[in-house]
Amino acid sequence: MKTQQALLLIDLQNDFCPGGALAVEEGDAVIAVANQVAMRFHQRGQPVVATLDWHPHHHGSFASNAGEVPWTMGELDGLPQVWWPDHCVQGSKGAELHPELNRSVLVKQIYKGTDPRTDSYSAFFDNGQRSQTGLDSWLKSQGVTALTVMGLATDYCVKYSVLDALRLGYRVSVIVAGCRGVNLEAGDGERALAEMAASGALLINAEGAEGTLR
């Protein structure tokens with residue numbers, strides 16, 4: 001049986017790009033990579049899926065709601081939590097997909113982080129693994145067994161999406177050139193890539209070409 005591949009674009013939203021509320025350095029540089037790879041998947045009839053952080057304005061992970069200092073650590077609903085600046089608020093400009101992303105090839109959008117009580121880095125589960133986003137069941141309904149993943153940010157939503165995908169039994173490739181990290185601590189992005197590789201993901205520089213950490 002032929003392996004059915006899908007492309008998973010993680011959180012390519014305005015707030016994670018330069019000028020956004022939680023900007024990742026060079027975050028917008030991955031959009032061109034996403035468009036190139038997405039078009040190849042689309043031309044082969046393989047699904048392209050985008051995830052979006054989609055927080056209510058009163059989300060518990062926001063430093064402003066927690067009364068904490070942004071970028072510091074705390075606890076939310078019994079789980080370790082970075083207190084983030086308000087970002088990707090439902091319906092806001094910052095929550096929209098980057099305007100240069102080719103949305104015409106998207107066949108599915110997955111919204112995560114909608115529960116104010118818990119954050120959701122992974123495209124599949126909330127951080128406590130208590131509820132699912134529906135992505136796994138949708139991929140299985142399409143016969144997808146392998147995922148190519150890229151997006152923002154390497155050390156958070158990309159990493160946790162990849163680790164969950166591997167645990168769920170998918171073969172996973174990560175396009176390194178299509179990822180950028182938050183890097184709260186220097187090297188977080190590289191460490192995240194190393195963890196993904198150690199867990200079974202294939203790191204590639206471009207579709208089909210094995211890559212290196214960077």
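Each value in this text was obtained by applying a stated rule to the coordinates, not by laboratory testing. For clarity, every value in this text was computed on a predicted model and none was experimentally measured. Here Cβ is always computed from backbone atoms with ideal geometry, including for glycine, and neighbour counts include all displayed protein chains.
How large is ³J(HN,Hα), in whole Hz, for each residue of segment 85-96 in order, when computed from phi with the Karplus curve 6.51 cos²θ - 1.76 cosθ + 1.60 and θ = phi - 60°, using x for Gly and Pro?
x, 4, 7, 6, 6, 3, x, 8, 4, x, 7, 6
From the Cα trace of segment 26-102, what convex hull volume per residue do you get, rounded to a whole Å³?
Values: hull volume 9.6 nm³, N = 77.
Once divided by residue count, the hull of segment 26-102 is 124 Å³.
When DSSP beta bridges are limited to those with both residues in the chain, what percentage is antiparallel, rounded to the nearest 5?
Expressed as a percentage, antiparallel bridges in the chain total about 25.
Restricting to Cα pairs below 8 Å that are 6+ residues apart, what does the relative contact order work out to for the chain? Please round to a whole percent.
Relative contact order of the chain: 23 percent.
Can you tell which of 154, 145, 72 shows the greatest fluctuation in a Gaussian network model of the chain with Cα springs below 10 Å?
Residue with maximal mean-square fluctuation among 154, 145, 72: 72.
Which value, in debye to the nearest 20, gives the size of the charge dipole of the chain about its Cα centre, when Lys and Arg are +1 and Asp and Glu are -1 at the Cβ?
1000
Send over the Kirkwood Rh of segment 91-131, from the inverse of the averaged 1/r over different Cα pairs, rounded to one decimal Å.
12.1
Once all Cα-Cα distances of the chain are split into 10 Å bins that start at 0, what whole-number percent is in each one?
9, 37, 39, 14, 1, 0
Mind listing the phi-derived Karplus ³J(HN,Hα) values for segment 49-58, rounded to whole Hz, using 6.51, -1.76 and 1.60 with θ = phi - 60°, and x for any glycine or proline?
With the stated coefficients, segment 49-58 comes to 10, 10, 9, 9, 5, 8, 8, x, 5, 9 Hz.
Sequence gap at least 6, Cα distance under 8 Å: using those rules, report the relative contact order of segment 78-151 to the nearest whole percent.
This gives 17 percent for segment 78-151.
Find how many whole Å separate the alpha carbon centroid of segment 43-99 from the alpha carbon centroid of segment 1-35.
For segment 1-35 versus segment 43-99, the Cα centre distance is 15 Å.
Using just the Cα positions, wrap segment 66-175 in a convex hull and report its mean projected area in square nanometres, one decimal place.
Working: hull surface 31.6 nm².
Answer in nm², one decimal: 7.9.
Segment 113-214: D in µm²/s via Stokes-Einstein (Kirkwood Rh, Cα pairs, 4 °C, 1.567 mPa s)?
For these conditions, the coefficient is 94 µm²/s.
How big is the gap, in Å, between the Cα center of segment 118-133 and the Cα center of segment 164-200?
Segment 118-133 and segment 164-200 have Cα centres spaced 17 Å from each other.
Please give the calculated 222 nm ellipticity per residue for the chain, where each DSSP H segment of at least 4 residues contributes -39500 (n - 2.57) and the sum is spread over every residue; nearest 500 deg cm²/dmol?
Values: 5 runs with 45 residues, N = 214.
Per the formula, -6000 deg cm²/dmol.
Just need the relative contact order of segment 11-74 here, percent rounded to a whole number, with Cα pairs under 8 Å and 6+ apart.
After rounding, I find 23 percent.
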